[in-house]
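Input: a single structure, listed below in structure tokens.
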Amino acid sequence: MKKIEAIIRKSKFDEVKKALHQIEVNFFSYWDVTGVGNEKQGHVYRGISYSTTDIQRRYLVIVVSDDFLDKTVSTILEIASTGNVGDGKIFVSDVLDAYRIRTKENGHAGIN
Amino acid sequence: MKKIEAIIRKSKFDEVKKALHQIEVNFFSYWDVTGVGNEKQGHVYRGISYSTTDIQRRYLVIVVSDDFLDKTVSTILEIASTGNVGDGKIFVSDVLDAYRIRTKENGHAGIN
Amino acid sequence: MKKIEAIIRKSKFDEVKKALHQIEVNFFSYWDVTGVGNEKQGHVYRGISYSTTDIQRRYLVIVVSDDFLDKTVSTILEIASTGNVGDGKIFVSDVLDAYRIRTKENGHAGIN
Ligand SMILES: Nc1ncnc2c1ncn2[C@@H]1O[C@H](COP(=O)(O)OP(=O)(O)OP(=O)(O)O)[C@@H](O)[C@H]1O
Ligand SMILES: Nc1ncnc2c1ncn2[C@@H]1O[C@H](COP(=O)(O)OP(=O)(O)OP(=O)(O)O)[C@@H](O)[C@H]1O
Ligand SMILES: Nc1ncnc2c1ncn2[C@@H]1O[C@H](COP(=O)(O)OP(=O)(O)OP(=O)(O)O)[C@@H](O)[C@H]1O
Ligand SMILES: [Mg+2]
Ligand SMILES: [Mg+2]
Ligand SMILES: [Mg+2]
């Protein structure tokens, strides 16, 4: 079981959600966060340098079984990207167990 | 040390908090998130199908010592449940260390 | 790769951000949460007992390479502290992988 944390542009959220749905990743949680960067992250557009300091981001938490990890990550990498600095990050970590509260099922049965 | 992440109905929060208090789990953090599901998660009430897509949930993070894990999970499973779809999830993961900022204590002394 | 979750006083955020910047920890995410405590956490000020129940906190998530862990934790411990109860917590956990969405780089190259 793995936890995927994706910090993406809010403007990319609907597309990402739809793409996840298409690979049958239907359940996740999200909230809005502030991302801190520094001036090195600024980009230049028409000669003006834009700092990406303290920008609004959307934070997604998606817990998946191990066999869903690769396709979930590659879907986010593909769909959340614009090619400009500040497209965001994906972090992957281990999850020991998952429970569905309604049925008290855990393990594989607890995820989806 | 374990991290328990519980995504529950907001309407169940006060009861869960009180029940955690009774087993001496007194400290945790929470915030509100949106939960994404799909139509399969809809339920039928008086003949009308309700989708649970994009519902408001409360996200709790509770870091406990290993000997508190089982009772904390079973308390949430019991108290946060209504028996209807959408009661939420509990995820358990490992925590390497905890620090109390005021005293700089870590390890077991850093948790509570 | 490690994930540092720091739950700090909002009033300490600007100082912490600046101190992190000075040790070249330039990227992280944050949002506001509520911290639950109990009356044991109350403190007495001029004879009046203040409960720290349900106080507003700022939650920081900082993913760093292993060689940045110690200085990041010690910087937060030093700067976020006031010496009064309720200064907050730091939790450390493992991260398996990090991806930069723009370039699809992962591993060490995916963090900063
Ligand atoms: N190490 C980190 N820990 C926690 N959150 C991070 C970290 N790095 C970035 N973030 C979050 O991800 C958001 C987007 O980061 P960003 O896309 O600028 O990453 P980047 O590595 O600087 O990539 P780019 O070079 O494309 O700008 C940040 O605003 C912040 O919320
Ligand atoms: N795999 C997941 N990763 C992250 N968050 C999830 C995941 N599954 C569910 N959630 C969160 O938990 C909330 C509640 O999920 P829900 O109770 O509908 O789970 P479920 O497995 O569909 O159970 P039920 O069959 O009882 O509906 C969701 O709205 C979402 O916020
Ligand atoms: N075990 C925990 N799990 C998750 N969050 C926690 C935990 N303990 C504390 N927190 C969060 O950290 C915030 C600050 O905690 P606090 O500083 O009161 O910790 P403490 O251990 O009681 O230290 P002190 O003795 O200095 O008060 C809480 O409001 C809560 O948001
Ligand atoms: Mg950047
Ligand atoms: Mg459901
Ligand atoms: Mg306290």
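The values are calculated or read from the model by the stated rules, or taken from the named source; none is laboratory data. Keep in mind that this is a model prediction, so the values were computed, not measured. Reconstructed Cβ throughout: ideal geometry from the backbone, glycine too, with neighbour counts over all protein chains shown.
The table below lists the values:
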quantity: Candidate set: region A:1-37, residues that are in contact with a strand residue (DSSP E or B) (Cβ under 9 Å, 6 or more places away or on another chain) and assigned to a loop (DSSP other than H, G, I, E, B); chosen: the one nearest to ligand 5 (Cβ to nearest atom); calculated: A:27
quantity: Residue B:32 vs. criteria at pLDDT 95 or above, exposed (fewer than 15 other Cβ atoms within 10 Å of the Cβ) and under 13 Å from the mean Cα position of the chain (by Cα); calculated: yes
quantity: Subset of region A:88-106 [in contact (Cβ under 8 Å) with a residue 12 or more places away in the chain and away from ligand 1 (no atom under 16 Å from the Cβ)]; calculated: A:94, A:95, A:96, A:97, A:98
quantity: Scope region A:77-86; condition within 14 Å of residue A:60 (Cβ to Cβ) and within 7 Å of another protein chain (Cβ to nearest Cβ); matching residues; calculated: A:77, A:80
quantity: Scan of region B:67-81 for residues that are of a type outside the set (A, V, I, L, M, F, W, C) and either under 13 Å from residue A:104 (Cβ atoms) or under 14 Å from the mean Cα position of the chain (by Cα) (or both), ordered by number; calculated: B:70, B:71, B:72, B:74, B:75, B:78, B:81
quantity: Residue in region C:68-83 that is within 27 Å of residue A:90 (Cα to Cα), assigned to a strand (DSSP E or B) and of a type outside the set (A, V, I, L, M, F, W, C) present; calculated: no
quantity: Members of region A:86-100 that are out of contact with any helix residue (DSSP H, G or I) (no Cβ under 6 Å at 6 or more places or on another chain) and farther than 12 Å from residue A:4 by Cα; calculated: A:86, A:87, A:88, A:96, A:97
quantity: Every residue from region A:1-31 that is more than 10 Å from chain B (Cβ to nearest Cβ) and among the β-branched types (Val, Ile, Thr); calculated: A:4, A:7, A:8, A:16, A:23
quantity: Condition met for residue B:53 (among the hydroxyl-bearing types (Ser, Thr, Tyr), modelled with pLDDT under 90 and closer than 28 Å to residue A:17 by Cα); calculated: yes
quantity: Output for region C:87-109, where each listed residue is out of contact with any Ser or Thr (no Cβ under 7 Å at 6 or more places or on another chain) and more than 7 Å from every other protein chain (Cβ to nearest Cβ); calculated: C:103, C:105, C:106, C:107, C:109
quantity: Count of residues meeting criterion [more than 15 Å from ligand 5 (Cβ to nearest atom) and loosely packed, with under 15 Cβ neighbours inside 10 Å] in region B:73-103; calculated: 5
quantity: Residue that is at pLDDT below 95 and under 17 Å from the mean Cα position of the chain (by Cα), where the choices are B:85, B:64; calculated: B:85
